[in-house]
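The values are calculated or read from the model by the stated rules, or taken from the named source; none is laboratory data. Predicted model only: the values in this text are computed from it and were never measured. All Cβ positions, glycine included, derive from the backbone under ideal geometry; neighbour counts span all protein chains shown. When the accessible area is computed, the model is the full protein with side chains, heavy atoms only, and any ligands, DNA or RNA have been set aside. Shrake-Rupley method; radii C 1.70, N 1.55, O 1.52, S 1.80 Å.
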Amino acid sequence: MVSQEFGDGDESACGYASGRKREARSAREASASGDSLEPNAWGWGPTRVRDVPREKVKKRHMRRISVSVLLVALAIMPLRGADWLTHSGDVQRSGWQKDETKISKDSVKNLKLLYSIKLDTRQRSVYSLYGPLILERAITDRGFKELAFVAGANNDLYAVDADLGRIFWKKHFDWQADTPETEQASFLCPGGLTAWPVLQPAPQRGRGPGGPPPVAPAPAAPGAAAAAAPQRGGGNPFQIRSLFVLSGDGNLHQINVNTGDEIGSTMKFLPPNGKPYSLALVNNITYTITGQGCGGTPNSVYSLDLTDPARTVRYWRSGSGGLWGTAGPAIGTDGTLYAETGDGQYDPATNRYANSIVALTPKELKLKDWYTPSNAEWLWKRDLDMNVTPVVFPYKGHDLIVGSGKEGRLFLLDSQSLGGADHRTPAFRSDLISNEDVDFAGAGTWGSLASWEDAQGARWVLAPVWGPKHPNAKFPIANGETNVGTIAAFKVEEHNGKLSLANVWTSRNLITPAAPAIANGVVFALSTGEWVRQANDREGGLYQADVRAQRSAPAVLYALDATNGKELWSSGNQVTSFTHNGAMSIANGRVYFTTYDNTLYCFGFPMEH
């Protein structure tokens, strides 16, 4: 069962389908009554010509032509705006919005808080909202809409009108598993919905293939909408897009973005009460990773082919460490999956690959290659997991991968051989950037990374650094003290065939920064404000959500010059809560993020309605 509710909406500006139905009905009625058919606002309908002046008939004919022109324009107009389809914007997990046109170094000073909207959901430990994902043009029965999709930890999903800041529809996923939903919610195993959803890519245009087909046919659940017919060719601009959501009971849902209805039946993907991270969707295959062994779910990478009627779930087991990069798996240009594994035993002879960066084949998830730091045993001993989602980018005809972890250094890997013959030799291993005190809880690199390419073709890599910068890490450009956290920027360089990451700049101080996002030479940095200490060394045990929330500070959004880290703008004191595992979305002149108090924030440029 799924409950849903619609927010206020305006009359459709694209009621073409409804108009055609009215037109056909009018034609039948006219035929029965003997009336003539003349052009009306939607096409041809019944009109008593003898009662209508010739001038009025001419005007109606002109309106008919105008509508026809509009429909032709809709068919040829570019339908691909600046969408944000997945965590970090793309499956390479770059955080780089390449299609942004409004935000620039010159315009960013004019950003305003457009709205904040509190969503009616319930936190689970420090987890509340994820997202949003942005669809620039949804064609709904209430007109063209730019929609923001926000998932909630309590198995909730919201579509928000991104222009108006109003709920467009919402739904709750009821529990559908034999195993009961866990009542305990800790920051390690919160239960509920833990993975960012993923949006279906836009259909291709022209004579090429259309967008990804819907899920392979299966018996529909009672009351569920039937799956749409597979898209053939031509890239139908009116094709219904899907949103894929993984609820806490382990079921994958295909959702109609326009209405919130289920398309077909749910698909069993994972065991219930696990802790999956952000979904990825490539070539009709959905991927995720899991960590912490929550709900007894093995630490693994998972795949599900949406076109497979058997709904076969495939997986690769790490054999030891959890996979908990917040952006989920990263996927290279050839479809290879990359993920980091956390603390545990490293022993390839017994298929144990802890504290490693692994490369897996698409769909089948066979181990292709891996890299393990030479000090992996030390990392395990001191709980310094490899704990981020790597970032992938093309370089001279193949992919490069950058990873990191709580130790506080970066690794640059070549996709042609991640760690050399011994799997322990990267293309480049940086000195320590942070974590001089060997702190397992509040220092090092966390979450995910980011990358972009400037107009001169230089490739940049950005890392969110928690805790103080290491005193021996020298950056040519510093933008003030960095004793609590910063964004560190690097350039990929090559000298005599050897690759490296050159230190370039550090940002101003940031409290527990999220992975940055980039658009048109502007880096957006989110100081999440979260207090992240874990072990209560005075009373024993771990700090739980109430203490962490009380000791956290409100989040602050900053815009930085991507070439030097200089502050260009900030949100000041407009945000009232912190954010856990915070991440930003950028699309069409707006920057979005969510906070612990169940609020969606949207900063952008005011637009007259």
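Taken per residue, the accessible surface of the stretch 85-192 reaches 38 Å², heavy atoms only and a 1.4 Å probe.
Cβ under 14 Å from ILE586's Cβ, ILE586 left aside: what net charge do those residues give with Lys, Arg +1 and Asp, Glu -1?
Charge balance in the 14 Å sphere: -3.
Using a 1.4 Å probe on the protein chains only, how many percent of the accessible area of the stretch 225-375 belongs to carbon and sulfur? Present the calculation step by step, with values, prior to reporting the outcome.
Numbers: 2280 of 4560 Å².
Of all accessible area on the stretch 225-375, carbon and sulfur atoms account for 50 percent.
Loop-located chymotrypsin sites (Phe, Trp or Tyr not before Pro) in the stretch 379-458 (DSSP state not H, G, I, E or B) with no more than 11 neighbouring Cβ atoms inside 10 Å do not occur. Give the distance, in whole Å, between the Cα centre of the stretch 522-566 and the Cα centre of the stretch 287-346. The stretch 522-566 and the stretch 287-346 have Cα centres spaced 27 Å from each other. Remark: the stretch 305-377 carries 36 Å² of accessible area per residue (probe radius 1.4 Å; ligands, DNA and RNA excluded). When you count the other C-beta atoms within 10 angstrom of each residue and take the mean per peptide, 594-600, 155-161, 186-192, 113-119 line up highest first as 155-161, 594-600, 186-192, 113-119.
Here the calculated FRET efficiency for GLN550 and ASP383, from their Cβ-Cβ distance with R0 = 30 Å, stands at 0.75, rounded to the nearest 0.05. The local environment of TYR601, defined by Cβ-Cβ distances under 14 Å, has a net charge of +2 under the rule Lys, Arg +1 and Asp, Glu -1. How big is the accessible area of LYS268 in square angstrom, nearest 10, if you roll a 1.4 angstrom probe over the protein chains? About 90 Å², ignoring ligands and nucleic acids. Computed with a 1.4 Å probe over protein heavy atoms only, the accessible surface of the stretch 550-609 comes to 36 Å² per residue.
In the stretch 377-486, what trypsin sites (Lys or Arg not before Pro) fall in a loop by DSSP, with at most 11 other Cβ atoms inside 10 Å?
Qualifying residues, ordered by number: LYS396, LYS474.
Near ILE139: Cβ cut-off under 12 Å, other residues only, Lys/Arg at +1 and Asp/Glu at -1. The net charge is +1. The packing ranking, built from the mean of other Cβ atoms within 10 Å per residue, places the peptides 270-277, 298-305 in the order 270-277, 298-305, highest first.
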